[in-house]
1. Please work out how much length the chain gains when fully extended from Glu308 to Ala202, using 0.36 nm per residue of separation minus the C-alpha to C-alpha distance, in nm with one decimal.
2. Would you mind checking the pairs Lys257/Lys321; Lys81/Lys102; Lys55/Lys101; Lys46/Lys185 and listing those with alpha carbons more than 20 angstrom apart?
3. Calculate the length of the line joining the C-alpha centroid of the range 244-314 to that of the range 95-129, in whole Å.
4. Could you pull out every residue, at least 5 positions away or on a different chain, whose amide H is within less than 5 Å of the one on Val5? Hs are placed 1.01 Å off N in the peptide plane, and Pro or chain starts have none.
5. Does the range 27-117 come out rounded, prolate or oblate by the C-alpha gyration tensor, with a ≥ b ≥ c the root eigenvalues, rounded set by a/c under 1.5 and, if not, prolate when a/b is larger than b/c and oblate if not?
6. Filter the GluC sites (Glu not before Pro) in the range 148-200 to those in DSSP coil with at most 15 other Cβ atoms within 10 Å of their Cβ, and list the result.
7. Sorted by accessible area with a 1.4 angstrom probe, largest first, how do Ser145, Ser208 fall?
8. Could you please state how large a percent of the accessible area of the chain is carbon and sulfur, counting protein chains only and using a 1.4 Å probe?
Amino acid sequence: MKDTVLFKRADENELISAARILREGGLVIFPTETVYGLGANAYDEKAAYNVFEAKGRPHDNPLIVHVADPADAEAFAVTTKLYYRLARAFMPGPLTLIIEKKHNIPDEVTAGGGTVGVRCPSHPTAHRFIELCGVPVAAPSANLSGRPSPTRFDHCVADMNGRVDAIIDGGECEVGLESTVALLKGDDEVVILRPGAVTAEALSCVCSRVSSAFELKEGERPLSPGMKYKHYAPRAPLYLLDGERRDVIAFVRGKMKDERCLFLCFDEDAETFSDCRDRTISLGGEDDEALHAHRLFAALRETDVYGETHTLDAIYTYSPKKDGTGLSPAIENRLLRAANHTIIKVK
Ligand code: TXA
Ligand code: MG
């Protein structure tokens, strides 16, 4: 067990101390606009190794490298014209670009591969912290492997207290889902490996060939190693209910009679469930996708907390919209994986 320093003020002095810890080989959790990251000096092989150990993460799943300025990636990666075009449009922001790496990035960071993910967060605390570190910061999401990514300081403390050297409190992460991961090919092509807040439509404004490779078909090898692992799973099984809203509600009300279950609902359902409000967690208004994204991982963690003091047999929620625009592919991707692709048709 380590003595984890909790930097609650996250002021300049605390960020200077946190950056020193990282530079000296320590592990520091920091907030970003997507989710919290578990940072290490990307040039320090031993520190990178310790990131995997602290998370319980398989060593074949590469880390992404965070920079304060997109041009800082030149020190460890081959930055192309396409990289700068995308960086100018979307960085700082919730986008990770996969490009060719240089030799000074240890294999431990890239899991032995020839590419590296580069991300430049827009969160002011992340930006200042990385700047003060003075080295690129390798950081996966700061959850224990397999758990929902942390979007609040208390999530990081719950998973990582005693396993890392420091945690910086940056409040709630605005986006709530991890960055879009995009593989760059040639002069004008990107392949989306993980959907996020930078959408395919947005990328298409800068690059003429945009495709997606995040829904694996049977027997396909994932381009992004992270896609093969079960993720985001709450402890109780999560089921996605596909059907008309009133049929979903009737189904859940029926289940509530004979099962200990929770319903991840919308604000509009509050009245219908007013007699059992403690068994619902709202993701926000039905049409407010940004709020659903912002709240999803926190809601999944809330079900775990509920399960610590109650029997919990199941969690139900609406099957995600499949309109393929905006945040919906990212929300759908996380929900499907959290539910292990279990969809129940209701009518
Ligand atoms: O928003 C985010 O991206 C957060 C914050 C902390 O920046 N980080 C994050 O890291 O989500 P992580 O490690 O939890 O997810 C990174 C994903 C993994 O699925 C990994 O397999 C993929 O990116 N990845 C990283 N480097 C890669 C590479 N060189 N080639 C292909 N996929 C890569
Ligand atoms: Mg992760």
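The values are calculated or read from the model by the stated rules, or taken from the named source; none is laboratory data. This structure is a prediction, so every number in the text was calculated from the model and none was measured. Every residue, glycine as well, gets a Cβ built from its backbone with ideal geometry; the counts of neighbours run over all protein chains shown. Heads up: the accessible areas ignore ligands, DNA and RNA and are worked out on the full protein's heavy atoms, side chains in. Shrake-Rupley method; radii C 1.70, N 1.55, O 1.52, S 1.80 Å.
1. Working: separation 106, 0.36 × 106 = 38.16 nm, distance 4.13 nm.
Residue separation times 0.36 nm, minus the Cα-Cα distance, leaves 34.0 nm.
2. Lys257/Lys321; Lys55/Lys101; Lys46/Lys185
3. Spelled out, the Cα-based centre of one part sits 37 Å from the other.
4. Amide H neighbours of Val5, under 5 Å, 5+ apart: Ala166, Ile167.
5. Oblate is the answer for the range 27-117, as a/c is 1.5 or above yet b/c matches or exceeds a/b.
6. Values: sites: Glu172, Glu174, Glu178, Glu189; in loops: Glu172, Glu174, Glu178.
Here the GluC sites (Glu not before Pro) that fit, given the DSSP loop and packing criteria, are Glu172.
7. Values: Ser145 55, Ser208 90 Å².
Ranked list, largest accessible area first: Ser208, Ser145.
8. On the way: 7390 of 15040 Å².
Using a 1.4 Å probe with all protein chains present, the chain comes out at 49 percent carbon and sulfur.
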